[in-house]
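To keep things clear, I will list the structure first and then write my remarks on it.
Only the coordinates and a few stated rules stand behind these numbers; no lab work does. Please read these numbers as outputs of a predicted model, since none were measured by experiment. Reconstructed Cβ throughout: ideal geometry from the backbone, glycine too, with neighbour counts over all protein chains shown.
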Amino acid sequence: MGGKSGPSNNQMVQFQMEQARKAEQKENLRQARLDQGKGAIDELFGPDNFGDEFFNKYKDASLNYALPQLEGQYDTAKSGMTADLARAGLLRSSSAGYAQGLLENQNAVNEGGLRAKADTDTAALRQSIASQQQQAYNQLYQTEDPTVAANTAANSAANAQLTQPNTGALGDMFKPIVIGLGSAAAPVYGASQANSYLNPKSPMGSGSYTQTG
Amino acid sequence: MCDPVSMIGLALSVGMAYANYAAQQDMANQQQAANDSWVDYQRRQAADFQRRDEALRKNAEAARTSSLEELAPDKQKKAQENEEARLKEDLSSEDLANMEKGDPNTLASKLLSGQEGAGDYAKTNIQAQIQQAAIEARQRIQALAAVQSYGGSQFGLTNRANSILNASGQDIRLAGNERAGELAAYNVAKAVEPIKIVQHGGQSLGAGAAAGAQIAGGGLGNAMAAGMAST
C-alpha cells in the first residue's frame, strides 16, 4: 500500500559527493604536480647547474677581459716612468720610490675596482638567474591555478543542481480499496472493477486481489 | 449497533491511521538517519580540511620564521663580516697582499730596471715606499670591500636578503596555493546536501483512512436506521 518512504534525492547527493571526492582527488594531483614542478625548477636553477662554479666562471671571464688591459696600461706607465726617472737622473732616488709607490697604489686600487665590478656583475647575473627562476615559478602557478580548479569543480556540482530530478511527492497513485464492502465500494470503483479484484484466482484460492496494469 | 460492516470500517479506519502514523514515523527516522549521516560527512570533511589547512599553514609559517631567523641582526652582521672578509681577499691580488706584508721577493720584483744596482739605502727606501703604497691601497680596497658587503656584491646583504626572502616566499606561496586548492575542494564537499526523504503515496494513506471512516460512518448510520425501523 501507499505511505512507503525512500530517499528521493539520493542520486543527486551521491553525485555531489562523487564530485567532492573528484575535487579532492584532483586537488591532490594538482598539488603533486605543483610539488614536482617546484622540485624540477629548484633542481634546474639549483647548485648543480647554477652553483659557484658557474658564477666563478663568469667572473673569471670578466676579469680575464679587464685585467690584461690594466696590466698593459700598468706596464706602459711603468716603462714611461722608468724612462722619465732615468732621464731626470732620479732612478735610484727616494723620489723614484715615491713615484713607484704612486704607480703601485693606483694599480692596486684600479685592480680592486675592476675585481669589485666583476663581483657586482656576477651578483647581477645571480639576480638574473633568480629572476628567471621566479618566472618559471610564476608559469607553474599560472598553470596550476587553484581558482580555475575550484571554479571547475564548483560549476560541475552547480550544473548538476540545475538538472536535479523532481523530488516532490508523487501524489495519489493508488485508490483506497476496501475488501468485503462491495456495495459501498461500488460507487467509488464501479462494481465490475471491484468484483474483478475480488475474484479468486483459482478455485482453490481465497478472495484476495491482485492489481495489474 | 454491532453491524459487522461498521466494525470492519472502524477497524479499517484505525488500521489506516496507524499505518499512516507508522509510515510517517519511519520517514522521520530515515530522515533523522540521513541527517546524522550528512552531519557526520560534513564533520569529517571539515576536520580533514582543517587538518590539511593547518599543516600547510605550518609549512608557510616555518618558511616565514626561518627566513626571519636568517635575517636576524646577529646573522646579518655575521654574514656582512664574512662577505667583507671574502671581498678583501677577492678584490686584491696575491701580489698586493705580499707587498703589504713586505715580502722581499715581491718588493724586489717591483724595482724598475736599472734600480737593481742601487745602494742598499736607496733600494730599502724605494721598497719601503712601495710597501707603504701597497698598505694604503689595501686599506682603500678594504673600505671598498666593506661598502660592497652591505649591498651589491654576490653575497652582500641586499642579495643575501633577497635570496632568503625569495626562497621562503616560494615556500609560502606554494603553501598558500595549496591551501586555496584545498579550500576549493572543501567547498565542493561543503555543498553536498543532506538526503531528503519523501513519503511516496503518503496522501493515499490519509485518503484511505478518510474513505474508511466515511464508509464506516455510512454503515453505522444504515445499521441504526434499520434498528429504528424494526422497533
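Overview of values
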| quantity | calculated |
| --- | --- |
| Ranked list, fewest to most other Cβ atoms within 10 Å of each Cβ, for B:Ser37, B:Ser6, B:Ser153 | B:Ser37, B:Ser6, B:Ser153 |
| Between helix B:202-230 and chain B: long-axis angle, C-alpha atoms, 0 to 90°, nearest 10 | 10 |
| Fewest-first ranking of B:Ile197, B:Ile164, using other Cβ atoms within 10 Å as the exposure measure | B:Ile164, B:Ile197 |
| Residue pairs, from the table A:Lys38/B:Lys75; A:Lys38/B:Lys88; B:Lys88/B:Lys110, whose Cα atoms sit over 26 Å apart | A:Lys38/B:Lys75; A:Lys38/B:Lys88 |
| Shielding by partners, peptide B:119-126 (average Cβ within 10 angstrom, other chains) | 4 |
| Average partner coverage of A:26-35, which counts Cβ from other chains inside 10 Å | 4 |
| ³J(HN,Hα), Karplus 6.51/-1.76/1.60, whole Hz, each residue of the stretch B:110-125, x for Gly, Pro | 8, 5, 6, 4, x, 8, 4, x, 5, x, 4, 4, 5, 5, 4, 5 |
| Relative contact order for chain B, counting Cα pairs under 8 Å that sit 6 or more residues apart, in percent | 49 |
| Amide proton proximity set for B:Val198, modelled H, under 5 Å, gap of 5+ | A:Gly6, A:Ser8 |
| Likely footprinting exposure, B:Asp120, A:Asp119, B:Asp53, fewest C-beta neighbours within 10 Å first | B:Asp120, B:Asp53, A:Asp119 |
| For B:Ala145, net neighbour charge (Lys/Arg +1, Asp/Glu -1) across residues whose Cβ lies under 9 Å away | -2 |
| Positive minus negative residues near A:Arg92 (Lys, Arg vs Asp, Glu; Cβ under 12 Å) | -1 |
| Shielding of B:165-178 by partner chains, average beta-carbon count, 10 Å | 4 |
